[in-house]
1. Can you tell which of 466, 456, 513, 444 is over 29 Å from the mean Cα position of the chain (by Cα), over 21 Å from residue 361 (Cβ atoms) and open to solvent by less than 60 Å² (accessible area, probe 1.4 Å)?
2. Residue 407 - would you say it is free of Cβ contacts under 8 Å to residues at least 60 places away in the same chain and within 21 Å of residue 472 (Cβ to Cβ)?
3. Can you say whether residue 88 is in a helix (DSSP H, G or I), crowded, with 19+ Cβ neighbours inside 10 Å and within 19 Å of the chain's Cα centre (by Cα), as far as the supplied structure shows?
4. Based on this model, can you work out whether residue 108 counts as more than 30 Å from residue 404 (Cβ to Cβ), touching a helix residue (DSSP H, G or I) at 6+ places or on another chain (Cβ under 6 Å) and β-branched (Val, Ile, Thr)?
5. Name the one entry in 44, 52 that is touching a strand residue (DSSP E or B) at 6+ places or on another chain (Cβ under 8 Å), within 26 Å of residue 105 (Cα to Cα) and surrounded by 16 or more Cβ atoms within 10 Å (Cβ to Cβ).
6. Quickly run through the stretch 550-578 and pick out the residues that are touching a helix residue (DSSP H, G or I) at 6+ places or on another chain (Cβ under 9 Å) and part of a helix (DSSP H, G or I).
7. Kindly indicate whether residue 587 is part of a helix (DSSP H, G or I) and either modelled with pLDDT of 95 or more or surrounded by fewer than 18 Cβ atoms within 10 Å (Cβ to Cβ) (or both).
8. Criterion first (among the charged types (D, E, K, R) and modelled with pLDDT of 95 or more) does residue 63 satisfy it?
Amino acid sequence: MAAARVPFNVSLREATQRKLQKFSELRGKPVGAGEFWDIVVLTAADEKQELAYKQQLSEKLKRKELPLGVQYHVFVDPAGSKIGNGGSTLCALRCLEKLYEDKWNSFTILLIHSGGYSQRLPNASALGKIFTALPFGNPIYQMLELKLAMYIDFPSHMNPGIVVTCADDIELYNIGKFEYIRFDKPGFTALAHPSSLAVGTTHGVFVLDPFHDLKHRDLEYRCCHRFLHKPSIEEMHQLNAVCRPGNFCPQDFARGDAVCLHLDSEYVYTDSLFYMDHNSAKKLIAFYEEMGTLNCEIDAYGDFLQALGPGATVEYTRNMSNVTKEESKLIDVRQRIFHLLKGTSLNVVVLNNSKFYHIGTTEEYLFHFTSDSSLKLELGLQSVAFSILSYIPECSGKTSCIIHSILDSGCSVAPGSVVEYSRLGPDVCIGENCIISSSSVISSVVPAYSFLYSVSLRKNEHVKYSTMAFGVQDNLKSNVKTLLDIKFLQFFGISFLSCLEIWNLKVTEELFSGSKAQFSLWTARIFPVCSSVSESVTASLKMLNAVKSNSPFNLSSYQLISIEEMLLCKDVEDMIAYREKIFLEISLIKNKPHLEVS
């Protein structure tokens, strides 16, 4: 299971709370030179996503939720082939150079990869992973604010350059009171976290130069011989990446998504974010301009970092085992990057007292927000955050989590479920392990393990609504090549073909949007388009309940849309306005004594 229990770390909580407090003091205020990032960049997958991000940034600045006097940018990937986060990095660097010319050489820049459609956490699909709500703060923190808070000490202790990170992970660390992470060496510098060997197989692993000190410290500056991307356990041993405990006691240093390391465990150092200086960035820009157009997916970690360090070899460029789509041009591009960066140093900041958490799947999201997880304790996540409800969920063990929502008296939310940006009527009953997002549920029983997410649509100049509805464990990325294989797709644990029969829908190519080369739940036109949020929720819930009870429900009388199409015609302004209306209502009545607001 991805989200296994790790021990609560008191020192991490104290260090994290200090960073959050420091960031809170900067929200809505102009920052001084060197006090904060000069530039914060979000990457977007397409123009629709770019517009959504720009609108949300604008709202945040208006509401004074971010530090002021900072340049916030959204850079969109070029249309055409997917280029991966490596391609997005190249594109963003080129955009910065065009905008600022030689001036950007003196800037500290945070680059957050936030493109992609969050198929594993679809309630982040319309408005973006970097704008995922977190259950704490007033106003509510989203992943963007958390990233900015966790990196609050970086800008004042780094040379001009770029820190590259992703939108759906959280790094918590504690170092000495008067110590700081410094990004001040030429080339690349990466953070490293002690992890189990099993975790190393799904991340980047550093092969560090020998360490001669008798005792490990919370913060160490090390040189990296080479970098391995998602290596096997055998490769880690063969290439000397594996560390043995000795004097080092790593029981508190497991990654957030791994089982706790035992005293006698072998361990490796795995990656999170990295920094590059401007000279390295300029090399990459020159390469990108020379290429003209990228026609393959490049990984910023696997394809940049594997070229670094004195032990780097060209063999990895032909390894396609971790590639989602094999491209004939990828080997050539990788080899050119390898020769471009070969000889560049890779410095590593080892954080022995740190954890790395990932919140990119429905399973991880529910676990960390509703269970007594170490992240919940270390970050101070709440069971009720800026919401109105007539009961207080139990605070021990598994609980529900309510974020920026209004719940009428008489409704109930079972433990293990998350409700965000939603309204629940008096007779609503939410089963366990559900995710309810941006929805208005009037009077319904929502089955356990259900996922509901309402999206505003702009169709023919009119605003309409549709609600994604499926099981939280459904795999929206799973696809089949032919219509005959539709039976192998699963909807709420049942063959998708059986579901289509229940809904009176015929299996045709027209049932699916986009490319006809493959078919999936993501492209299935099965979700009703309605005139209001509550109507769309009611219709989609009827779909779910029909499948659960194996009783017919005629979907053919509705106009139907796929998730893919929802994202193409989403109305971001209406979605933001819906959240704003809930915000104002909570703000107006939150001091009434008979209501519980957190």
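The values are calculated or read from the model by the stated rules, or taken from the named source; none is laboratory data. What you see is a predicted model; the values in this text were computed from it and never measured. Cβ coordinates were reconstructed from backbone atoms using ideal geometry, including for glycine residues, and neighbour counts include every protein chain displayed. To get the accessible areas, we keep the full protein, side chains included, count just its heavy atoms, and leave off ligands, DNA and RNA. Shrake-Rupley method; radii C 1.70, N 1.55, O 1.52, S 1.80 Å.
1. Just a single option satisfies the conditions, and that option is 444.
2. Criteria met by residue 407.
3. In short, yes.
4. Yes.
5. After ruling out the rest, the residue left standing is 44.
6. Result: 563, 564, 565, 567, 568, 572, 573, 575, 576, 578.
7. yes
8. It is false that residue 63 is among the charged types (D, E, K, R) and modelled with pLDDT of 95 or more.
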